[in-house]
Amino acid sequence: MSLNRAQIIGNLTRDPELRNTTNGQSVTNFSVATSSQWTDTSGQKQERTEYHSIVAWGKLAEICSQYLGKGRKVFVEGRLQTRDWETPDGQKRQRTEIIADNMIMLDKAPAGGIAPAPVQPTASSAPEAGAVDQGVGDQEIRVEDIPF
């Protein structure tokens, strides 16, 4: 038996980027920063910030793109996945990402901002080869269900 779960609470470092695969599947990428603080042996306060790459698919991707923005506090839950690729100049690259299953906004939308339009459910399309839809399933998303 094994377990691959990641849960983080932090702030978005940039606005989410929504794209669609060639098959029409929505995918959103964004980054979340988490910080830890401690006092070292000499009594000095120390802080370390980690940056996490997040990938959301399907309806969850659309919701993240529409309602999240730089600086917003968010809870993200998902699984870790590492992908490898080679750059055009032949360098091997690797990135570990959290593939989001769940996202909860932990703060209110900025004051004075324009209220976002409701998410319109779209027909489900098959994810591209090798991709797994980690969205919220086939249930209909209503604006009233979004916690903010």
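Read-outs: derived from the displayed coordinates by stated rules, not from any lab. Everything numeric here is computed off the predicted structure, so don't read it as measured data. Counting neighbours? That spans all protein chains shown, and the Cβs are built from the backbone with ideal geometry, glycine included.
Near residue 93: Cβ cut-off under 14 Å, other residues only, Lys/Arg at +1 and Asp/Glu at -1. The net charge is -1. Working ranking of peptides 93-99, 37-43 by packing, defined as the average number of other Cβ atoms within 10 Å per residue, highest first, is 93-99, 37-43. Peptides 56-63, 73-80 ranked from most to least packed give 56-63, 73-80, packing being the mean of other C-beta atoms within 10 angstrom over each peptide's residues.
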